[in-house]
Amino acid sequence: PDRILAVRNYALDTAFRVGVDYRVEGRRIVRLPGSRMRFRADTSFDKRDLAWYNLQSQWVVVSYTHHDRWRGPVPVYSGARLPRVMERLRRGSGGRVGGDVTGKPFRIVAYGMSITRGMDVSGYDGVAPYMPTYLSLFGKAVQARYPRAAVELYNAGLPGSTVSWGAQYAESYVVPLQPDLVLLDFGMNDFWRMRPGEFGDSVREMIRKIRAGDPKAEFILLSNMRFDPAYV
């Protein structure tokens, strides 16, 4: 960080004061005695009872400037790999009658785990600052870009689910919705117990089952973040 602009609570409605609530030591922000900032001791993170689940609303949010630039992978347009999806979005849902979009809606189904469901997202948990889930943000962005498409979202995320569970229940949970686009989001509950080849087999099985019930469905596969090495 070059310069700290603000240090706030999770709800973003309380600004902490330098010299009163914290001080800056190089790359570290140090909480001062008597500070209004909430905190947890290392002993709070007992792996046996998963106490790290209970951190909602206790994060400290830091806004800062920096001079370095991201030099990793950058997403590029990949619409050509989703030809049916792009055609449906551009064509819309059959025009408008009396201001309402008519015809078949554009259906997005997200099939995955707790991240897909929205766990620990402030809007899903009903606490400030009420951030929507990534699926809601994605759906709103698609709708704004293609206003004639009548986007419908279905969240089929199950907290704790594994990729093998996804393969087992794809026919029951996804196929009846007849989606145009399916987001597959598995892996965070699998990486410590399964080899990549096995994981890929389950993903392919999901795609096979969904396509058998709806050959026009197209897919986006989401890559998961790496788990905290201090925890594993």
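The values are calculated or read from the model by the stated rules, or taken from the named source; none is laboratory data. Being a predicted model, the structure only gives us computed values, none of them experimental. Note: ideal-geometry Cβ built from the backbone for every residue, glycine included; neighbour counts use all protein chains shown. For the accessible areas, the whole protein counts, side chains as well, though only heavy atoms, and no ligand, DNA or RNA atoms are used. Shrake-Rupley method; radii C 1.70, N 1.55, O 1.52, S 1.80 Å.
Calculate, for the chain, the solvent-accessible area per residue in square angstrom, rolling a 1.4 angstrom probe over the heavy atoms of the protein chains.
65
Hey, what did the range 100-226 get for relative contact order, percent, Cα under 8 Å, at least 6 apart?
Relative contact order comes out at 31 percent.
Give me the one-decimal nm value for the distance between modelled label points at LEU12 and ARG204, 7 Å along each residue's Cα-to-Cβ direction.
Inter-label distance under the simple model: 4.4 nm.
Residues with amide H under 5 Å of VAL151's amide H, sequence separation 5 or more or different chain, H placed in the peptide plane at 1.01 Å from N; which?
Under 5 Å from the amide H of VAL151: PHE106.
Show me, for the range 12-22, the HN-Hα J-couplings you get by feeding each phi into the Karplus relation (A = 6.51, B = -1.76, C = 1.60, θ = phi - 60°), rounded to Hz, glycine and proline as x.
Once rounded to whole Hz, the list reads 6, 9, 10, 9, 7, 9, 5, x, 10, 9, 7.
Which of the chymotrypsin sites (Phe, Trp or Tyr not before Pro) found in the range 128-166 are loop residues per DSSP with 12 or fewer other Cβ atoms within 10 Å of their Cβ?
Loop-located and lightly packed - TYR130.
If you count the DSSP beta bridges with both ends in the chain, what percent of them are antiparallel, to the nearest 5?
Looking only at bridges with both residues in the chain, the antiparallel portion is about 45 percent.
Defining a contact as two alpha carbons under 8 Å apart and six or more residues distant in sequence, what relative contact order in percent does the chain show?
Normalised by residue count, the contact order of the chain is 18 percent.
Could you check the simple spin-label distance between LYS104 and THR65, using points 7 Å along Cα→Cβ, in nm with one decimal?
With each label point 7 Å from Cα toward Cβ, the separation is 5.2 nm.
Please find the FRET efficiency linking ASP228 to GLN178, where r is the Cβ-Cβ separation and R0 is fixed at 35 Å, and quote it to the nearest 0.05.
Efficiency for this residue pair is about 0.35.
Only Cα pairs within less than 10 Å get springs; with that Gaussian network setup on the chain, which residue of SER35, SER78, SER172 has the largest fluctuation?
The residue with the greatest mean-square fluctuation here is SER78.
For the chain, what does -39500 (n - 2.57) per DSSP helix run (n ≥ 4), summed and divided by total residues, give at 222 nm, in deg cm²/dmol to the nearest 500?
Only helices count here, giving -7000 deg cm²/dmol.
On alpha carbon coordinates alone, what is the Rg over Rh value for the chain, Rh being the Kirkwood radius?
On the Cα set of the chain, Rg over Rh gives 1.04.
Which whole-Hz couplings ³J(HN,Hα) result when phi for each residue of the range 184-192 is put into the Karplus expression 6.51 cos²θ - 1.76 cosθ + 1.60, θ = phi - 60°, listed in order with x for Gly and Pro?
Per-residue couplings from phi come out as 9, 9, 10, x, 5, 9, 10, 5, 8 Hz.
For the chain, with only Lys/Arg (+1) and Asp/Glu (-1) charged at the beta-carbon, what is the dipole magnitude about the Cα centre, in debye rounded to 20?
Here the chain has a charge dipole of around 660 debye.
Can you pull the one-decimal nm distance between simple spin-label points at LEU55 and ARG148, each 7 Å off the Cα toward Cβ?
A separation of 4.7 nm, rounded to one decimal place.
Treating the beta-carbon of each Lys and Arg as +1 and of each Asp and Glu as -1, no other charges, what is the dipole magnitude of the range 169-216 about its Cα centre, to the nearest 20 debye?
120
Rg to Rh ratio, the range 157-216, alpha-carbon atoms and Kirkwood radius?
0.97
Can you run phi through the Karplus equation (6.51, -1.76, 1.60; θ = phi - 60°) for the range 117-123 and list ³J(HN,Hα) in whole Hz, with x for Gly and Pro?
With coefficients 6.51, -1.76 and 1.60, one gets 4, x, 4, 6, 7, 4, x Hz.
Subtract the Cα-Cα distance of ASP2 and ASP125 from 0.36 nm times their separation in residues, and report this length gain in nm to one decimal.
40.9 nm
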